[in-house]
1. Out of the residues in segment 42-71 meeting the condition of being surrounded by fewer than 18 Cβ atoms within 10 Å (Cβ to Cβ) and among the aliphatic types (A, V, I, L, M), tell me which one is farthest from the chain's Cα centre (by Cα).
2. Show the residue pairs meeting these rules: Cβ distance below 7 Å; 6+ apart or different chains; first residue within segment 46-66 and without any contact (Cβ under 8 Å) to a residue 60 or more places away in the chain; second residue of a type in the set (Gly, Ala, Ser) and surrounded by 11 or more Cβ atoms within 10 Å (Cβ to Cβ).
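What follows is calculated from the coordinates using simple rules that are stated; it is not laboratory data. The structure presented is a predicted model; accordingly, all values stated were derived computationally and were not measured. Quick reminder, even Gly has a Cβ in these numbers, built from the backbone with ideal geometry, and neighbours come from all protein chains shown.
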Amino acid sequence: METNETATQYQAAEKELLKLIEAVEGIEEGDLKALEEDIYMNNAERNERIWEWADYQKSDRDIHGHRKRIPYIGWFWRNADFENKLVHIGNSGQLIGVMENNKWDYARRVMTEEEVDVFVDYLDKAFTLIDRGDAPQAEAVFLELWDWFQGLPLDYYPPDYSE
């Protein structure tokens, strides 16, 4: 069984590599910007994919009780700045998640560059699995992402509305 799984993984990796080689062959020599754009998902694309997958649909099993597959605070996903590694997170007292709008005065901080890299790695892994048609494995990655987020250091303190 492991041999078949390994072979399948190698075949999928080979297909991805061939796609990448085809994309690179069409780039003029020395055009590093075009190469980077072809290899990496840009900020708009990543946020668009998150918009598409951030929330559970009504028919999906919602294990966290917040209707959110990707941890964020707010009524909807607000675009984050992954390219400049400037992603804000907050602690609502119920969850730690991306919080690009803090209208609730929750505890908030900017993710470290290393944390943004880990976050992006989780997202890219899940989106690659989705693109390959392996939604169950992608869900497992989203669950790992959720658990990782909840372990990020960020104390909760109730908002002070006394002012």
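1. Looking at residues that are surrounded by fewer than 18 Cβ atoms within 10 Å (Cβ to Cβ) and among the aliphatic types (A, V, I, L, M), I get Ile63.
2. Correct list of pairs: Asn47/Ala80.
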